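Accompanying notes for the structure given below.
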Amino acid sequence: MPANSPHLRKSGSRAVVSDLGTLELGGSSEEALLHSIDANEMKGVTTPLSSAAIMPSPVLLWRFKVFLFLVWGFGCCKISWDSVMRMSVNLRDLFLYEAFLYYNPLLLVTMMVWFWGINLWVFAQANVNYAKIFDLDQNHLSHREIWKCATWMTIIVPTSMTAYLYLYSHGEVSLAASQPVLLYAAFAMALIFPFDIFYLSSRFFFLRTVWRIVFPFQAISFADFFLADIFTSMSKVFSDLERSVCRMVHRQVATIAWFEADSICGSHAVAIPIVLVLPYLFRLFQCLRQYKDTREKTTLLNALKYSTAVPVIFLSALKYHVFPDNWVNIYRPLWLLSGVVNSLYSFYWDLTRDWDLSCFTRIFKFSRPNSLSYLLYGRKWVYFWVIGTNLILRCTWTYKLSSHLRHNYLTVFTITALEIFRRFQWAFFRVENEWNKTNSKPIIQLSTIDKPNDEQKLLDPNGHSV
């Protein structure tokens, strides 16, 4: 009986072909592997170890990273709590307010970066060519790279804040004062570093867009006013950054000099409303530039929308520069009225212009559906949620624009974070609306071309298909 007869095999075994060209019997995979190794040794061939066997699995690496992240988070919370508890009760609240001023802007920026990564991930899942919409080059950052940057920011900012609290509570005031200064300097250097490391092309694109926002001397692109709109939601962040840098320049970090509200870096400074209003002025000038280029009257109405934020900001700042009776009887009612006008006007513009919802009709029927609509918000409840939250948060953001309410720093931080979340939701619908317009342009252009008649079709030799 031949050696490869199936009657000689055990149940579940299989034939194994060795490198010598002979057919052997294999009762198991282990026997086959040993026979192959023996054959290679007879031929003088060494079997290299697989790289997959050396490297740990991606799942194991991910679990290890999550474990390290949790250990780091627990350590920061424990050290910060112990450091705060070492301080006296009278000093604790004031010191936390100062520490919060230095670090809450960067925490909110980190939150915005995380949200932008989610935006890009959803656009990629829906096959929305956001690179074409924003006119990005082929080296633009993907959502994974955005999340990588956000992860490092999430680690660096709380670590610096923990070091600040620990050093101050243990009497190392000079070292504690250096922590926010080093952090701000590191972020500034990472942003403007001129060498080809750390996503140079993306940083250059961002800085160029910021330059075009500040000086709108050229035609306004979609990326220009999209980023400018995001800056309006972060006006409180810019104001706190200005206050922090002011105290660093005047060496008031970790000192009692900043307690004076009327000082140059105090809470009554004129620079606060000026910094708050700058993003709205930049966006207003963009609208005026668009009107100069296109002569569309809707751009003037959009400029009017941004101008309604100016009275909200400056009427609030007047509280510290007028008599209390005048504030209560005259300026506070005007402040409330301007806040209502700004909120309702902005809410109307979001729905009818930025999102093109056509007065809620698309809640019940999509006029131009695409894959992004079906993927993320093809259901009615999502529209109700976005419209409702947008209205509420549009009304509450007046609180963060009011400098006379900034002493409630936890409330202002929460409202600013919610405004960034609202802008995160807004980005989905705004990009979808622009994507719809981009896709509809070729269709409109093709429809305007004269269609050939039947006689031309018959005479055209290339018009026949076999």
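The values are calculated or read from the model by the stated rules, or taken from the named source; none is laboratory data. Just so it is clear, the structure is predicted and the values come from calculations on it, not from any experiment. Glycine gets a Cβ as well: all are built from the backbone with ideal geometry, and neighbour counts include every protein chain shown. For the accessible areas, the whole protein counts, side chains as well, though only heavy atoms, and no ligand, DNA or RNA atoms are used. Shrake-Rupley method; radii C 1.70, N 1.55, O 1.52, S 1.80 Å.
Subtract the Cα-Cα distance of residue 195 and residue 336 from 0.36 nm times their separation in residues, and report this length gain in nm to one decimal.
45.8 nm is the gain from fully extending residue 195 to residue 336.
For the pair residue 433 and residue 97, how long in nm is the line joining their label points, each one 7 Å along Cα→Cβ?
About 4.0 nm separates the two model spin labels.
Could you tell me whether segment 57-437 comes out rounded, prolate or oblate from its Cα gyration tensor? Rule is a ≥ b ≥ c as square roots of the eigenvalues, rounded for a/c under 1.5, then prolate if a/b exceeds b/c, otherwise oblate.
Oblate.
Tell me, what is the FRET efficiency for residue 74 and residue 136 to the nearest 0.05, using R0 = 41 angstrom and their Cβ-Cβ distance as r?
0.60
Leaving ligands, DNA and RNA out of it, work out the accessible area of residue 247 with a 1.4 Å probe and give it in Å² to the nearest 10.
10 Å²
Enumerate the calculated ³J(HN,Hα) couplings along segment 388-395 in order (Karplus 6.51 cos²θ - 1.76 cosθ + 1.60, θ = phi - 60°), each rounded to whole Hz, writing x wherever the residue is Gly or Pro.
Working through the residues one at a time gives x, 5, 5, 5, 5, 6, 5, 6 Hz.
Taking all protein chains as present, what is the carbon and sulfur share of the accessible area of segment 57-437, in % to the nearest whole number, probe 1.4 Å?
Here carbon and sulfur together make up 71 percent of the probe-accessible area.
Find the accessible area per residue for segment 57-437; the probe is 1.4 Å, ligands and nucleic acids are left out, and the unit is Å².
51 Å²
Largest first, how would 121, 147 line up by accessible area (1.4 Å probe)?
121, 147
For 161, 85, what's the largest-to-smallest order of accessible area, 1.4 Å probe?
Of 161, 85, the descending order of accessible area is 85, 161.
Treating only the Cβ atoms of Lys and Arg (+1) and Asp and Glu (-1) as charged, compute the dipole magnitude of segment 57-437 about its Cα centre; round to the nearest 20 debye.
With Lys and Arg at +1 and Asp and Glu at -1, about 860 debye.
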